1. Is the shape of the range 1-51 best called rounded, prolate or oblate, per the rule: a/c under 1.5 gives rounded, else a/b larger than b/c gives prolate, else oblate, with a ≥ b ≥ c the square roots of the Cα gyration tensor eigenvalues?
2. For an R0 of 35 angstrom, estimate the FRET efficiency from the Cβ-Cβ distance between Val24 and Arg3 and round to the nearest 0.05.
3. Suppose each label sits 7 Å from its Cα in the direction of the beta carbon; what would the Asp11-Asp38 distance come out to in nanometres?
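No lab work stands behind these numbers, since they all come straight from the coordinates. This structure is a prediction, so every number in the text was calculated from the model and none was measured. Because the Cβ atoms are built from the backbone with ideal geometry, glycine has one as well, and the counts that use them run over all protein chains shown.
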Amino acid sequence: MNRKLIIFDFDGTLADTLPVFVDVFDQAADKYGFKRMDRSRTQALRRRRPRAHAAGR
């Protein structure tokens, strides 16, 4: 297939992909033996600014 345009939607304007991300994260957690994501905190994740974690906030 020849693609002329690719759109990335990181903030959920076009599609809400957080549930898919959490599912994939949990699959990786199960496979590699680390803690699964706490689903009760997904709304808090939505409110975080992209650089908040990197800046130590």
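1. Since a/c reaches 1.5 but b/c is at least a/b, the shape of the range 1-51 is classed as oblate.
2. Here the calculated transfer efficiency is 0.95.
3. With each label placed 7 Å out from Cα toward Cβ, I get 2.7 nm.
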